[in-house]
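Visitor: Below you'll find the structure I mean.
Every number here is computed from the coordinates shown, using simple stated rules; none is lab data. As the structure is a prediction and not an experimental result, all values here were calculated from the model. Cβ placement follows ideal geometry from the backbone for every residue including glycine, while neighbour counts extend to all protein chains displayed.
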Amino acid sequence: MAEYMTSDGNEAAAHVAYRVNEVIAIYPITPSSPMGELADQWAAEERKNIWGSVPLVVEMQSEGGAAGAVHGSLQRGALTTTFTASQGLLLMIPNMFKIAGELNAAVIHVAARTIATHALSIFCDHSDIMAARSTGFAILSSSSVQEAHDFALISQLASLKTRVPFLHFFDGFRTSHEISKFELISDDQIKTLIDNKLVIAHRERALSPDNPFIRGTSQNPDIFFQARESVNPFYNYCPEIVENVMVQFGKLTKREYHLFEYFGSPDAERVIILMGSSQQTAEETVQYLNGKGEKVGCIKARLYRPFSVSHFLKVIPSTVRKIAVLDRTKEPGSIGEPLYLDVVSAINQAYAANRVDLGSMPFITGGRYGLSSKEFTPPMVKAVFDELSKDKPQNNFTIGINDDVSGKSLQYDTGIVMEPTDQISAVFYGYGSDGTVSANKNTLKIIGTETDYFVQGYFVYDSMKAGSVTVSHLRFSHKPIKSSYRIFHSVFVACHQFSFVERIPVLETALQGATFLLNCPYSTDTVWNKLPKTVQKTIIEKKLRVFVIDAYSIAKELGLGNRINTIMQICFLGLSEIMSISVAKEKVKEYIRKSYGRHGDSIVNKNIAAVDQALKHLNELPYPEEITGSIDMRKVVPNDAPEFVKACTSRMIAGQGDELPVSAFDPDGRFPSGTTRYMKRNITGEMPVWDPDVCIQCGRCSLACPHAVVRAKMFHTARLAGAPQSFKSVPLKRRGYDGYSYSIAISPDDCTGCRLCVVVCPAKNKTDPKLKALNMQPQPPIRERENENWRFFISLPESDRTGLNFNRIQDVQFLEPLFEFSGACAGCGETPYVTLLSRLFGERAIIANATGCSSIYGGNEPATPWAANRQGRGPAWSNSLFEDNAEFGFGFRIAVDKEFNYAKELLQKLAPGIGEELVNSLIEAPRKTEKDISDQRNRIDILRSKLNKIDNPAAKDLFSLCDVFVKKSIWLLGGDGWAYDIGFGGLDHVMALGKDVNILVLDTEVYSNTGGQMSKATPLGAVAKFAARGKRTPKKDLVMMAMTYGSVYVARIALGADGNQALKAFNEAEAFDGSSLIVAYCPCIGQGYNLSNGMEQQKRAVQSGYWPLLRYNPDLRKEGKNPLQLDSSPPSIPLEHYIYNETRYKMLQRSLPGEAAQLLKRASDEVKMRYGWYKYWAAMKMEDGV
Amino acid sequence: MIDLSVDYLGIPLKNPLVASSSPLCTSIDNIKKMEDEQIAAVVLQSLFEEQVILEQRELDTGLLQGTEHFAEALTYLPDFGTYRFASSGYLEQIRKAKEAVDIPIIGSLNGISTGGWIKYAKEIQDAGADALELNLYYLPTRPDISSQQVENNYVELVKEVTSRIRIPAAIKISFFLSSIPDTVSKFADSGASAVVLFNRFYQPDLNLDSLNVVPNLKLSTSDELRLRIRWIAILYNKMNIDLAITGGVHTSLDVLKGIASGAKVTMMTSAFLLNGIPYAGAVLEGVSQWLERNDYKSIRSFQGVLNQASVENPEAYERANYMQVLGSYNT
């Protein structure tokens, strides 16, 4: 009997790949990471493959490493696979050429993703697949979750038969993360289809000293060409073999596939050809258009390489006159994209060989669509067919965008509704933290499993890690669902956060008479007039049925905190009537026990209580026939925002980025700085309020704040004229500053409510000790007042940097942060260091940022937190890739050095006209302190005015370069994934070269951005993905490794443990004339605890000896001193007092207590040993050769 | 040879010295040592229901926080293990203790919800505990909850729990009850087999430098015994329930005083923490020697000899004694 599963494309593919392989070597990259994670989980659960053995799963240091390991494993005869995407696939290319060149049977599963060009994108297109098309891998394309499952097997079978390795791909996110119901292939079916003789033959080709041969020789012009051509028969036979495998598969499973498939009118005149999930949308549209009498059709390309001309020609109707080939990639400079060129070539070859019966050659055009998961919808498909109706259809067109620069885009009508009317479509708006997505995933599983409905779920997340808006698109139908695009017309809309109604058009998809479920803190008597006018209007015009519930109150009462998922899930099931509510409740309870049972019965009980209570609090909202409200939708950006922000950023923030034309963007990928200040997301329910009478003006709060929301200023008291009445200030406690005031302000609309500032505040209210100088209060009642205070605060002048001591927190608090309001998690442990860097050196910094959390919160549109000061100076920031960050930033260094040298040469050449004194001071003046820098800027101004009067090319050249005389602060910034693993080779080389670069490693001890995979920074005994039973090897000591150079400045810091030591490290690193490495301890959500305790955890990490603070300064040798200074005391608390506050350790203690105890012992010994080494080294005398 | 055997909770014990609930009892090795040193029974450290709930909540929060929030990181930690919380470890400890020693193992439970009390009581029973000590540790801070309500709740709870388990239950109470005899009598009627006097509430201290309330653990002294023997003496023989003393038992004389007042057993922890588990041997030796010197053949014959009813001046245990004490201070 058929067994079904409701899950996503990643799981569907991995489910097969795991069972038909022996070795799995991976490296995580979105959106393919879950495949490797699932493989690792199943291996940890000791699930077996079809040969009754548990595959060996290993995480490598990069995709290049994974490909190397795959290649090696294949050469040794193991059935081996890997999972990847995008840049990851590109890093595998050299090995892919080898793997194919040696005729190794293998499958690489790819969740296709855009390759980074002018920007990075985690979303889907086929640029990665196309970049790999010349490797010799066969390429098989899946267009749905069911196909991802089926083709995972078909590709494996075909590869074993043909010895051609396969790239099996499906669309990233659209298929990889889409939840759908699919039929499982059983173990028995796999065993029936897999010919074990081929497995043995594969093994027999392995490298073995018992049967020695060599492979991978170096060949010369005399033989290479011939040897290369010897593979031709394998590729010639490959398509037919794949077709046969598909037929065999179809006989067993009743699911039939072919290399190319045609769908549509048998006498079609216009046909489109595509690959991937868009095929489903094309099929749906063709069905609709056929129903209207249009003679159109679509060809689904499945086997892209080897491209079989004969199989392709077989499916083209003889009536075809015009063909549009749609590519989901862009190849600038080419006369057409890859699939288009292949189709043109195929038809041309066919005509040349007289092999077709098509009459005259059809007109073939090519177009691009869907780059970076741009939606591809039925109206767009229709627009392509309409274009083909023209006498001269456009070639090289685009569809889905408005290209007002090259005029290539086709127009399409968004008003046509072509979605099947028998589908139930529901859209849900929630916050990341409220459980909306997991509730919807559960709903899909329940309905998919317990009913005969087909289900589809697609989830959209915004780019913020705090207060992220999630939109769930759910479809239910009694027929297979082909709509591979977001929902534009829905019968059910749920809004799980009331604040959304004033800033997001949540009802835009609602059809006439749809149901609207609203979570709100108001009763049915009062909520209507809390809705904006436009929302009231929509409700009235569309005659929506509105239901309201105060889910947060119920959740609080039941002890569920802010997790309203179960409550809202029951409301949807009750209102949608897709299944009987009593059955639904039972099934939800079953799933609760299954999902949460492991977390304890108290958790299960609370959620079950929520199931029973929810509907009792759900009420239908009666509403009038006219608009009675007075609230407008919130302005997206203020009126005084810069032009680009008003024209573009605001549209992106409002979710209307799709409507922006090509001309809105700079062609080289640049974006203006400092745009997050316009977002004003207003995501916190609570914010800190300053009590100036208690404050000791220490500055710790502003340093601890991850989002630069808490700021301090000192200013002349006269500046208070015009301050709002509620604005607070006190006399400044600083010698020599009589007549000055001190103020702290907090931005209510930018605060994430993380509480770090309150926790670090050392000052207690003497009459009420539970209060401090900062105390959390509900934000809504004070929001307006505090916004007004904030605006006034921002208008106050910044302090003169030259008068501040950069080694004291009390002074550094007054430095303007040039990194603000990022999308980092609430309580992020990385961003306080980044903000600090921006305060200290931001106005002359050039930053190379590795891909990771810091590049996402630092550069993910619609806005960037990197800002400029009032003089217009600020960090110049760029992200290149993941693995190359050190080299990329090094490139900044050598370019600046060259510029400086050249500018010096020009200066000297022009000295007679400029003046020797100015020339000498520009070249020789010290460039260390803020005063030095300020003086140098003044000299540059003088130089510029002199150069303006000199009319020759050298003067013009020098004019364009003279800013280089201000010392640039070059920073290589990134996480441990970059520094310890994939980028280590480059980092090591850059350190060895000894040029003046500063490296800041934000060490969260795990791959935070991609969901917590182990890195070499992960500590012994900590649980992470790919270390489910606790990491068994110690953390790599990057600090010690760098110190062994002897010529690199190295520091290990923890802001929460010793802020002043951290400051010293930053300043010494900047001053050091050579490579400097700072490794910073960063609490992270992946460590599994409330990040408001992050600073305390940093202290414990240091107190336990796990994270000894130190600075290694080679310059101290010149003074006859030991370069190593150990800045923290010997361990004073046992390691377990630090680690067992974190779930990443605690969970192992709870699941495998014996192993946890052993690992704790080893980890404790390791801490003692390592601290001992540092202590010994730090105590050495110069004469001992330190 | 003096017969030190008693029976407590219907369980025969070789002597009246029991190790009371403390962190010493978390270690099986310690429990084995206790048996070797002739301690008659062990009350394990308390299982706190709120600890279990807190652990579950922490794990759930730690595993779920940040999930389904950001497209690249839908989860952060691999969550597919089977997790054990304080209760699982506790039950495992009971099983291991029962395997390791022959002396009775008494579980100790401190719940906050009726459901929680019943659930864990049954689990402790099913794990093999010989008896259960219910640790009634509720500190009333709300003026709108009357003493009657608090005490009624205690009684209801005892009734609910004892009706669901087979093993005998001892109720450990605090001194802060309006009428100890009344409440203890109701416990007896509700199915309790023993009552243990008295719980020691650890009083926090104040740190004036940091303006913080700080935990402060002070071990008991023999001075604290007097409160307990007074009430044991008052309660002795008035109702059908075993009496036990905990707190203030440090020496052989303390054990004897406790038995004399009417307790079946005396429980010791602070003395073991200060002097080590082998101290038990010296205490029991001292008890035997005293009984022999004073011509008692068994501890049972000494039990209750100084209970309220037995002394010439019962008022010594009542209010009049207060006046006498004050008067003696002046002289």
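Visitor: So what's the angle, to the nearest 10 degrees on a 0 to 90 scale, between helix A:831-841 and the longest Cα principal axis of chain A?
Guide: Once rounded, one gets 50 degrees.
Visitor: Antiparallel as a % of all DSSP beta bridges within the protein assembly as shown, to the nearest 5? Please report the intermediate quantities before stating the final value.
Guide: Details: 63 of 173 bridges.
Restricted to the protein assembly as shown, the bridges split so that about 35 percent are antiparallel.
Visitor: Amide H neighbours of A:Val325 under 5 Å, counting only residues 5+ apart in sequence or on other chains, H built in-plane at 1.01 Å?
Guide: It is A:Ile273, A:Thr365, A:Gly366, A:Gly367, by chain and number.
Visitor: In whole Å, largest first, what are the principal axis extents of the Cα atoms in chain B?
Guide: Extents along the principal axes, in whole Å: 82, 47, 46.
Visitor: Now, a different point. Based on the inverse mean of 1/r over its pairs of different Cα atoms, what is the Kirkwood hydrodynamic radius of the stretch A:173-230, in Å?
Guide: Working: mean 1/r = 0.0605 Å⁻¹.
This gives a value of 16.5 Å.
Visitor: Average partner chain C-beta neighbours within 10 Å, per residue of A:1082-1088?
Guide: Counting other chains' Cβ atoms within 10 Å and averaging over A:1082-1088 gives 4.
Visitor: If a/c stays under 1.5 just call it rounded; otherwise compare a/b with b/c (prolate if a/b is bigger, oblate if not). Do that for the stretch A:123-204, with a ≥ b ≥ c from the square roots of the Cα gyration tensor eigenvalues.
Guide: oblate
Visitor: Give the residue list of GluC sites (Glu not before Pro) in the stretch A:1-77 that are DSSP loop and have at most 15 other beta-carbon atoms within 10 angstrom.
Guide: Numbers: sites: A:Glu3, A:Glu11, A:Glu22, A:Glu37, A:Glu45, A:Glu46, A:Glu59, A:Glu63; in loops: A:Glu3, A:Glu22, A:Glu45, A:Glu46.
Hits after loop and neighbour filter: A:Glu3, A:Glu45, A:Glu46.
Visitor: Separate question: Return one number: the angle in degrees, 0 to 90 and rounded to the nearest 10, between the long axis of the Cα atoms of helix A:930-947 and the longest principal axis of the Cα atoms of chain A.
Guide: Taking the Cα atoms of chain A, the angle to A:930-947 is about 80 degrees.
Visitor: Now a separate question. Of the chymotrypsin sites (Phe, Trp or Tyr not before Pro) in the stretch B:158-233, which ones lie in a loop per DSSP and count no more than 10 other C-beta atoms within 10 Å?
Guide: Values: sites: B:Phe175, B:Phe176, B:Phe187, B:Phe198, B:Phe201, B:Tyr202, B:Trp231; in loops: B:Phe175, B:Phe176, B:Phe198, B:Phe201, B:Tyr202.
Answer by residue number: B:Tyr202.
Visitor: Could you go through the stretch A:643-651 in sequence order and give the Karplus-derived ³J(HN,Hα) for each residue, using 6.51 cos²θ - 1.76 cosθ + 1.60 with θ = phi - 60°, rounded to whole Hz, and x for Gly and Pro?
Guide: For the stretch A:643-651, the Karplus-derived couplings read 3, 4, 5, 5, 7, 10, 4, 5, 5 Hz, x marking Gly and Pro.
Visitor: Under the rule of at least 5 residues apart or a separate chain, name every residue whose amide H is placed under 5 Å from the amide H of A:Tyr431.
Guide: Under 5 Å from the amide H of A:Tyr431: A:Thr436, A:Thr470.
Visitor: Cα convex hull of chain A: mean projected area in nm², to one decimal?
Guide: Working: hull surface 212.3 nm².
Reported value for the Cα convex hull: 53.1 nm².
Visitor: While we're here: How big is the Kirkwood radius of the stretch A:33-179, worked out from every pair of different alpha carbons and given in Å to one decimal?
Guide: Details: mean 1/r = 0.0650 Å⁻¹.
Taking the inverse mean of 1/r over all distinct Cα pairs, the stretch A:33-179 comes out at 15.4 Å.
Visitor: So, one more: Averaged over B:79-87, how many beta carbons belonging to a partner chain fall within 10 Å of each residue's beta carbon? Show your work: numbers first, answer last.
Guide: Working: counts 9, 7, 11, 5, 11, 6, 5, 1, 2.
Other-chain Cβ atoms within 10 Å of each residue's Cβ, averaged: 6.
Visitor: I've got another one for you. For B:Ala100, what charge total do you get from the other residues with a beta carbon under 13 Å from its beta carbon, if Lys and Arg give +1 and Asp and Glu give -1? Could you put the intermediate results ahead of the total?
Guide: Values: positive: B:Lys32, B:Lys33, B:Arg95, B:Lys96, B:Lys98; negative: B:Asp29, B:Glu35, B:Asp36, B:Glu92, B:Glu99, B:Asp102.
Taking every other residue near B:Ala100 into account, the sum is -1.
Visitor: Ok, one more. Eigenvalues of the Cα gyration tensor times 5, then square-rooted: what semi-axes does that give for the stretch A:1005-1184, in whole angstrom, largest first? Display every interim value, and only then the final one.
Guide: Details: eigenvalues 179, 57, 42 Å².
Listed largest to smallest, the semi-axes of the stretch A:1005-1184 are 30, 17, 15 Å.
Visitor: Using a basic spin-label model with each label point 7 Å from the Cα along Cα→Cβ, how many nm lie between A:Leu184 and A:Asn807?
Guide: Inter-label distance under the simple model: 6.6 nm.
Visitor: Turning to a different aspect of this structure: How much net charge surrounds A:Gln497 when only other residues with a Cβ under 11 Å from its Cβ are counted (Lys, Arg +1; Asp, Glu -1)? Write down the numbers at each step before the final one.
Guide: Working: positive: A:Arg503; negative: A:Asp434, A:Glu502.
Combined, the nearby Lys, Arg, Asp and Glu give -1.
Visitor: Taking every pair of alpha-carbon atoms in the stretch A:4-252, give the share separated by more than 22 Å as a whole percent.
Guide: Tail fraction, whole percent: 51.
Visitor: Packing-wise, with mean Cβ within 10 Å as the measure, how do A:165-178, A:923-936 rank, highest first?
Guide: Numbers: A:165-178: 29.0, A:923-936: 14.0.
Ranked by mean Cβ neighbours within 10 Å, highest first: A:165-178, A:923-936.
Visitor: How many Cβ atoms of partner chains, on average, are near each residue of A:601-612 if near means within 10 Å of its Cβ?
Guide: Details: counts 8, 12, 7, 2, 3, 4, 1, 0, 0, 0, 0, 0.
That works out to 3 on average.
Visitor: Which loop-located trypsin sites (Lys or Arg not before Pro) does the stretch A:486-554 contain, where loop means any DSSP state but H, G, I, E or B and the Cβ has at most 13 other Cβ atoms within 10 Å?
Guide: Those satisfying the criteria are A:Lys543.
Visitor: Something else about it: State the answer as a single residue: which of A:Gly1021, A:Cys701, A:Cys571 lies farthest towards the positive end of the charge dipole of chain A, with beta carbon charges of +1 for Lys and Arg and -1 for Asp and Glu, about the Cα centre.
Guide: My answer, from the dipole projection, is A:Cys701.
Visitor: Just rank A:Asp452, B:Asp144, fewest to most, by other beta-carbon atoms within 10 angstrom.
Guide: Details: A:Asp452 9, B:Asp144 5.
Fewest-to-most Cβ neighbours within 10 Å comes out as B:Asp144, A:Asp452.
Visitor: Counting only other residues whose beta carbon sits under 10 Å from that of B:Leu9, what net charge do I get with K and R as +1, D and E as -1?
Guide: Working: positive: B:Lys264; negative: B:Asp7, B:Asp130, B:Glu133, B:Asp242.
Combined, the nearby Lys, Arg, Asp and Glu give -3.
Visitor: Another question, if that's okay. What is the dipole size for the stretch A:933-1031, taken about its Cα centre, with +1 at each Lys and Arg Cβ and -1 at each Asp and Glu Cβ, in debye to the nearest 20? Spell out each step's value before the answer.
Guide: Working: 13 positive and 11 negative charges, 32 e Å.
Around 160 debye, computed over the stretch A:933-1031.
Visitor: Taking 29 Å as the cut-off for C-alpha to C-alpha distance, list the pairs among A:Lys254/A:Lys585; A:Lys680/A:Lys1064; A:Lys181/A:Lys589; A:Lys322/A:Lys479; A:Lys374/A:Lys556; A:Lys1035/A:Lys1146 that go past it. Working shown, then result.
Guide: On the way: A:Lys254/A:Lys585 35 Å; A:Lys680/A:Lys1064 34 Å; A:Lys181/A:Lys589 21 Å; A:Lys322/A:Lys479 31 Å; A:Lys374/A:Lys556 39 Å; A:Lys1035/A:Lys1146 18 Å.
Beyond 29 Å: A:Lys254/A:Lys585; A:Lys680/A:Lys1064; A:Lys322/A:Lys479; A:Lys374/A:Lys556.
Visitor: Pull up all non-local amide H partners of A:Tyr740: gap of 5 or more, or a different chain, and H-to-H distance under 5 Å with H placed in the peptide plane.
Guide: A:Thr717, A:Leu732
Visitor: Can I ask one more? When all C-alpha to C-alpha distances in the stretch A:860-951 are sorted into bins of 5 Å, what percent of pairs does each bin hold, rounded to whole numbers?
Guide: 3, 10, 14, 18, 18, 14, 11, 7, 4, 1
Visitor: Output wanted: per-residue J couplings in Hz (rounded whole) for the stretch A:749-756, from phi through Karplus 6.51 cos²θ - 1.76 cosθ + 1.60, θ = phi - 60°, x for Gly and Pro.
Guide: Result, rounded to whole Hz: 7, 10, 5, 9, x, 6, 6, 4.
Visitor: Per residue of the stretch A:1150-1158, in order, report the coupling 6.51 cos²θ - 1.76 cosθ + 1.60 (Karplus, θ = phi - 60°) as ³J(HN,Hα) in whole Hz, putting x for Gly and Pro.
Guide: Values per residue, Gly and Pro as x: 7, 9, 9, x, x, 5, 4, 5, 5 Hz.
Visitor: Okay, next question. Using the Cα centre of the protein assembly as shown as origin and beta-carbon charges of +1 (Lys, Arg) and -1 (Asp, Glu), tell me which of B:Val195, A:Ser1132, A:Phe225 is placed farthest towards the positive end of the dipole.
Guide: Farthest towards the positive pole: A:Ser1132.
Visitor: With a 10 Å radius around each residue's Cβ, average the other Cβ atoms per peptide and rank B:64-73, A:954-963, A:1075-1084, highest first.
Guide: Details: B:64-73: 23.4, A:954-963: 16.6, A:1075-1084: 27.1.
Packing proxy ranking, top to bottom: A:1075-1084, B:64-73, A:954-963.
Visitor: Within chain B, which is the longest segment containing none of the trypsin sites (Lys or Arg not before Pro) that sit in a DSSP loop and have at most 12 other Cβ atoms within 10 Å?
Guide: Working: sites that count: B:Arg166, B:Lys218, B:Lys297, B:Arg319.
The segment B:1-165 is the longest one with no such site.
Visitor: Given Cβ point charges of +1 (Lys, Arg) and -1 (Asp, Glu) and nothing else, what value in debye, to the nearest 20, does the dipole of chain A about its Cα centre take? Could you put the intermediate results ahead of the total?
Guide: Working: 132 positive and 129 negative charges, 387 e Å.
I would put it at about 1860 debye.
Visitor: Turning to a different aspect of this structure: Mind pulling the angle between the C-alpha long axis of helix A:378-389 and the longest principal axis of chain A? Nearest 10 degrees, somewhere in 0 to 90.
Guide: Helix A:378-389 sits roughly 60 degrees off the main axis of chain A.
Visitor: When you take every Cα atom in the stretch B:86-238, what is the radius of gyration, and what is Dmax, the widest Cα pair distance, in Å?
Guide: 17.2, 52
Visitor: Could you tell me what percent of the DSSP beta bridges with both partners in the stretch A:424-620 are antiparallel, to the nearest 5? Walk me through the intermediate numbers first.
Guide: Working: 18 of 32 bridges.
Approximately 55 percent, going by the DSSP bridge assignments.
Visitor: Picking from B:Thr26, B:Pro278, B:Asn294, whose Cα lies most toward the positive end of the charge dipole for the stretch B:6-330 (charges on Cβ: Lys, Arg +1; Asp, Glu -1)?
Guide: Going by the Cα projections, it comes out as B:Asn294.
Visitor: Same structure again: About the Cα centre, and with charges only on the beta carbon of Lys, Arg (+1) and Asp, Glu (-1), how big is the dipole of the stretch A:8-49? Nearest 20 debye, please. Show your work: numbers first, answer last.
Guide: Details: 3 positive and 7 negative charges, 29 e Å.
Taking the Cα centre of the stretch A:8-49 as origin, the dipole is about 140 debye.
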